[in-house]
Ligand SMILES: Nc1ncnc2c1ncn2[C@@H]1O[C@H](COP(=O)(O)OP(=O)(O)OP(=O)(O)O)[C@@H](O)[C@H]1O
Ligand SMILES: [Mg+2]
């Protein structure tokens with residue numbers, strides 16, 4: 001994974017294509033945290049991952065749902081958005097600990113709301129706005 005970073009990505013289509021490519025490095029049980037401001041491109045990157053895992057239908061920001069489960073993907077893809085959560089208890093209430101045990105890839109938008117809830121070994125992608133696009137960097141939690 002690390003060898004793909006840092007990288008500049010300058011269109012929404014390229015963001016999806018990058019997610020598609022990254023998915024080859026993800027397997028069941030992996031957690032991917034996407035850290036970036038409003039409109040950074042987190043959902044576009046996730047769309048590319050979902051497409052690579054076999055999903056043909058839309059992938060949208062789960063801002064109101066808090067979590068979307070894509071069971072037509074293989075492995076299954078669980079897409080979280082912590083933006084509207086006020087406290088980690090809300091995350092526990094939707095079954096966070098059970099999700100961590102699932103045979104699935106977990107992708108989180110706004111993980112920086114509750115950094116303490118991110119398990120060790122999480123793949124973290126930081127997305128920054130730069131002139132004309134985005135700069136992505138990588139770290140492991
Ligand atoms: N690499 C990129 N370069 C330029 N524009 C991009 C890039 N990635 C995404 N965009 C554009 O940025 C906007 C926001 O994308 P997206 O919804 O994926 O962001 P997000 O990080 O999920 O936002 P939110 O925090 O609101 O959920 C869209 O209009 C999209 O077309
Ligand atoms: Mg989003």
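The values are calculated or read from the model by the stated rules, or taken from the named source; none is laboratory data. Note that the structure is predicted; figures quoted are calculated from it, not measured. Here the Cβ is made from the backbone with ideal geometry for all residues, glycine too, and neighbour counts use every protein chain on show.
Computed values, structure above
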quantity	calculated
Residues that are within 12 Å of ligand 2 (Cβ to nearest atom) and surrounded by fewer than 20 Cβ atoms within 10 Å (Cβ to Cβ), drawn from region 37-62	37, 38, 39, 60, 61
Residue match in region 79-95 (condition: touching a residue at least 24 places away in the same chain (Cβ under 8 Å), over 14 Å from residue 114 (Cβ atoms) and either surrounded by 14 or more Cβ atoms within 10 Å (Cβ to Cβ) or touching a helix residue (DSSP H, G or I) at 6+ places or on another chain (Cβ under 9 Å) (or both))	yes
Criterion violated by residue 8 - all others in (1) within 13 Å of ligand 1 (Cβ to nearest atom); (2) surrounded by fewer than 14 Cβ atoms within 10 Å (Cβ to Cβ); (3) touching a residue at least 60 places away in the same chain (Cβ under 8 Å); (4) more than 13 Å from residue 126 (Cα to Cα) satisfied	(4)
Failed item in (1) more than 10 Å from ligand 1 (Cβ to nearest atom); (2) modelled with pLDDT of 95 or more; (3) surrounded by fewer than 17 Cβ atoms within 10 Å (Cβ to Cβ), with residue 105 passing the rest	(3)
Filtered residue count, region 1-24, keeping only those that are in contact with a strand residue (DSSP E or B) (Cβ under 8 Å, 6 or more places away or on another chain), within 16 Å of ligand 2 (Cβ to nearest atom) and closer than 17 Å to residue 52 by Cα	2
Qualifying residues in region 119-133 (those that are under 16 Å from the mean Cα position of the chain (by Cα) and not in a loop (DSSP other than H, G, I, E, B)) - the one farthest from residue 7 (Cα to Cα)	123
For residue 65: the one exception among (1) within 13 Å of ligand 2 (Cβ to nearest atom); (2) surrounded by 13 or more Cβ atoms within 10 Å (Cβ to Cβ); (3) closer than 27 Å to residue 6 by Cα	(3)
Checklist (1) more than 16 Å from ligand 2 (Cβ to nearest atom); (2) within 13 Å of the chain's Cα centre (by Cα) applied to residue 80, failing item	(1)
